[in-house]
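Got a structure here, written out as structure tokens. Questions coming.
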Amino acid sequence: MVSAILPLVLEDVELRRQGKRILGPVSLTLEGEGITVVMGPNGAGKTSLLRAMHGLERINRGRAVWQGGAEEVRARQAFVFQTPVLMRRSVLDCIAYPLILDGVERKMARARAETAASQVGLDVTLTAPASVLSGGERQKMALARALIRAPEVLLLDEPCANLDLHSTAEIERVLIAARDRGTRIVMSTHNVGQARRLADDILFLFDGRLIETGSGDAFFAGPETPEAMAHINGDLLP
Amino acid sequence: MNDIVEGLWQAARLVITLDPGLAEITLRSLQVTLTATVIASVLGLPMGAWIAVNRFRLRRFAIAILNALMGLPPVVVGLIVYVLLSRSGPFGVFGLLFTPTAMIIAQVIIITPIIASISHQAIRELWADYHDLLISLHATRAQRIKTLLWDGRRALMTAALAGFGRAIGEVGAIMIVGGNIDHATRVLTTAIALETGKGDFGLALALGFVLIALAIAVNLALHMLSGTERGSRW
């Protein structure tokens, strides 16, 4: 797949909220293929970094530059939130919604949503309201909705938080399949085991700063910083 | 107590015999108020959604004004519409004064702020839920409003019903601009005011009971049509 909106370049991106620095300055370049996992303790800025990449946060200093026109950049990336946003619609219509926004005819959109649901293994009554879904099913629904536009870049904020092992495994299977189809994935996670399983690259954040990057294998074999070492070993950080 | 029993009795008789006079003013009440509710909804619902979704200067001011307008005194609205529509007024050439159209105009002015304000409250909560998703999917402004109106339709129906409730029972404005003319602009509320003034409490009460029954019937019909309170949350 020919990448059009990558590489993404972040130049000294800094986010401040209420006078407090919550992220940055962070500089990085995102390109190539695979899954990049953003790691770090709570409050390190993982969510802020992902949201800043996606353009959901106002950047106070520095900039995030995608390639291509603004319209294209927005259309070719998707975001999965930690808490899936449930629309007050049927499961099927929730998944089809991005296509409806694109002007796809409703019948066609629903048919494609059905395919998307089966691809993520969402095995529920699709005409039921989305609010009846369980936690794992909600996340799968959100994933199907994010993937339905066949995004070039998929950003996920803790997609498996609060999910049991079984649901986590299913989500990971979908993510790996998406990666193998050429989708560039950036996700944050708390779960060190999940990071080990999925990461092609690691971004390790600590206190709003990007303190370590590298390939997944190298990172887990021997992290360079004491903070990263402590994080993967599950030690309490000072 | 006698009056009430008498009123109930008379109401029953009027309804059972399908009294033509009663049917006429009941239908006119319905026609005027339903038309006003539809027009006010078309204006008020998008207005409420627009205010909920957009950030602009004077937004708080606009919301405060809207909420204040909910308490607009119907008599004053009637007076202003009267002045505007009277022969010497700016819209006098249309000859609308003392017609059902004038009554509809007055009611639209009274209930649009109510519908806009209640829908603003409802849409604001929904917008808080949907905000990140709709921004992430880069929905256009019109698409956002459309989505919020559709997904918030149950709450918006409540807004429309609140407007309907206010309009169907309103007498001050339509008395002034309609004139309570028999066979032309007489509706249930103005007829009640007239019969009370004449001292015919039995008939006034009968009309009152019909009015209440009408309001309940319209509410029930809408709820049944839209299937609210059947699903759990939405």
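Determine the relative contact order of the stretch B:66-181: mean sequence separation of Cα pairs under 8 Å and six or more apart, normalised by residue count, in whole percent.
Reported relative contact order: 44 percent.
Report the calculated FRET efficiency for B:Ile39 and A:Lys20 (r = Cβ-Cβ distance, R0 = 51 Å), to the nearest 0.05.
Between B:Ile39 and A:Lys20 the formula returns 0.55.
Once R0 is set to 22 Å, what does the formula 1/(1 + (r/R0)^6) return for the Cβ-Cβ distance between B:Ile16 and B:Ala213, expressed as a FRET efficiency to the nearest 0.05?
The formula returns an efficiency of 0.95 here.
With a 1.4 Å probe and all protein chains left in place, how much of the accessible area of the protein assembly as shown comes from carbon and sulfur atoms, in whole percent?
With neighbouring chains kept in place, the figure for the protein assembly as shown is 60 percent.
I need the Kirkwood Rh of the stretch B:119-234: take the reciprocal of the average 1/r across all distinct C-alpha pairs and report it in angstrom.
Computed over Cα pairs of the stretch B:119-234, the Kirkwood hydrodynamic radius comes out at 17.3 Å.
Based on the Cβ-Cβ distance of A:Thr115 and A:Val65, what FRET efficiency does E = 1/(1 + (r/R0)^6) give at R0 = 30 Å, to the nearest 0.05?
It comes out at approximately 0.30.
Going by average Cβ neighbours within 10 Å, how do the peptides B:125-131, A:135-141 rank, with the highest at the top?
A:135-141, B:125-131
Determine the relative contact order of chain B: mean sequence separation of Cα pairs under 8 Å and six or more apart, normalised by residue count, in whole percent.
Reported as a whole number, the value is 32 percent.
At q = 0.19 Å⁻¹, what log₁₀ I(q)/I(0) does a Debye calculation on the Cα points of the stretch B:104-157 give, no solvent, two decimals?
One equal scatterer on each Cα of the stretch B:104-157 leads to -0.68.
Report, by chain and number, residues whose modeled amide H sits under 5 Å from the one on A:Arg209, excluding near sequence neighbours (fewer than 5 apart, same chain).
Close amide H contacts, sequence-distant or interchain: A:Gly24.
At a temperature of 4 °C and a viscosity of 1.567 mPa s, determine how fast the protein assembly as shown diffuses translationally according to Stokes-Einstein, using the Kirkwood radius over alpha-carbon pairs as Rh; express D in µm²/s, rounded to the nearest whole number.
49 µm²/s
So, in Å, what gap is there between the alpha-carbon centers of the stretch B:105-132 and the stretch A:205-219?
So the separation of the two Cα centres works out to 48 Å.
Across peptide B:134-141, what mean number of C-beta atoms from other chains lies inside 10 Å of a residue's C-beta?
Across the residues of B:134-141, the mean count of other-chain Cβ atoms within 10 Å is 6.
Let me confirm one metric for peptide A:85-94, namely the mean number of other chain beta-carbon atoms within 10 Å of its residues' beta-carbons.
Taking the mean over all residues of the peptide, I get 4.
Here's a follow-up. Compute the helix-to-body angle for B:188-198: its Cα long axis versus the longest principal axis of chain B, expressed 0 to 90° and rounded to tens.
40 degrees
Residue by residue through the stretch A:198-210, what is 3J(HN,Hα) from phi via Karplus (6.51 cos²θ - 1.76 cosθ + 1.60, θ = phi - 60°)? Round to whole Hz and write x for glycine and proline.
Taking θ as phi minus 60°, the curve returns 9, 6, 8, 10, 10, 10, 9, 9, 9, 6, x, 10, 8 Hz for the stretch A:198-210.
Could you work out how much longer the chain between A:Glu33 and A:Phe220 gets when fully extended? Use 0.36 nm per residue separation minus the Cα distance between them, nm to one decimal.
65.4 nm
Could you please state, rounded to a whole Å, how far the C-alpha centre of the stretch A:153-171 is from the C-alpha centre of the stretch B:1-24?
66 Å
Given H placed 1.01 Å from N in the peptide plane, which residues other than close sequence neighbours of A:Val80 have an amide H under 5 Å from its amide H?
Amide H neighbours of A:Val80, under 5 Å, 5+ apart: A:Leu155, A:Leu156, A:Asp157.
Kindly write out, for the stretch B:115-126 in residue order, the coupling ³J(HN,Hα) from the Karplus curve 6.51 cos²θ - 1.76 cosθ + 1.60 (θ = phi - 60°), rounded to whole Hz, with x marking Gly and Pro.
Using θ = phi - 60°, the values come out as 5, 5, 5, 5, 5, 4, 4, 5, 5, 4, 5, 5 Hz.
Could you check the spin-label model distance between B:Met224 and A:Val132? Points 7 Å from the Cα along Cα→Cβ, value in nm.
Computed distance between label sites B:Met224 and A:Val132 equals 2.5 nm.
I'd like the interface area for chains B and A: accessible area of each alone minus the complex, both sides summed, 1.4 Å probe, protein heavy atoms only. What is it in Å² to the nearest 100?
The summed interface area works out to 1900 Å².
Give me a single rounded figure for A:145-151: the average over its residues of other chain Cβ atoms within 10 Å of their Cβ.
The mean count of partner-chain Cβ atoms within 10 Å per residue comes to 1.
Moving on to the next point. Sort the following peptides by mean Cβ neighbour count (other Cβ atoms within 10 Å, averaged over residues), highest first: B:24-35, A:61-72.
Order by mean packing, descending: B:24-35, A:61-72.
Follow-up question, since we're still on this one. Specify the residue with the greatest mean-square fluctuation among B:Leu220, B:Leu72, B:Leu137, computed from a Gaussian network of chain B linking alpha-carbon atoms under 10 Å apart.
B:Leu137
With just the Cα atoms defining each centre, how far is the stretch B:72-87 from the stretch B:45-69? Give it in Å.
Each part's Cα centre sits 25 Å from the other's.
Also, I was wondering about something else. Sort B:45-52, B:145-152 by packing, meaning the average of other beta carbons within 10 Å per residue, with the highest value first.
So the peptides B:45-52, B:145-152, ranked by packing, come out B:45-52, B:145-152.
From Cα coordinates alone, what are the radius of gyration and Dmax values for the stretch B:2-226 in angstrom?
In Å, with Rg to one decimal and Dmax whole: 20.1, 66.
Right, next: Find the relative contact order for chain A and round it to a whole percent, using C-alpha pairs within less than 8 Å whose residues are 6+ positions apart.
It comes to 27 percent, rounded to a whole number.
Output wanted: per-residue J couplings in Hz (rounded whole) for the stretch B:74-80, from phi through Karplus 6.51 cos²θ - 1.76 cosθ + 1.60, θ = phi - 60°, x for Gly and Pro.
Per-residue couplings from phi come out as x, 4, 5, 4, x, 4, 5 Hz.
In the neighborhood of A:Ile59, defined by Cβ-to-Cβ distances under 13 Å, what is the net charge if each Lys or Arg adds +1 and each Asp or Glu adds -1?
Here the charged neighbours net out to +3.
The values are calculated or read from the model by the stated rules, or taken from the named source; none is laboratory data. Here the structure is a predicted model, which is why all the values come from computation and not from measurement. Here Cβ is always computed from backbone atoms with ideal geometry, including for glycine, and neighbour counts include all displayed protein chains. Side chains included, ligands, DNA and RNA excluded: accessible areas come from the protein's heavy atoms. Shrake-Rupley method; radii C 1.70, N 1.55, O 1.52, S 1.80 Å.
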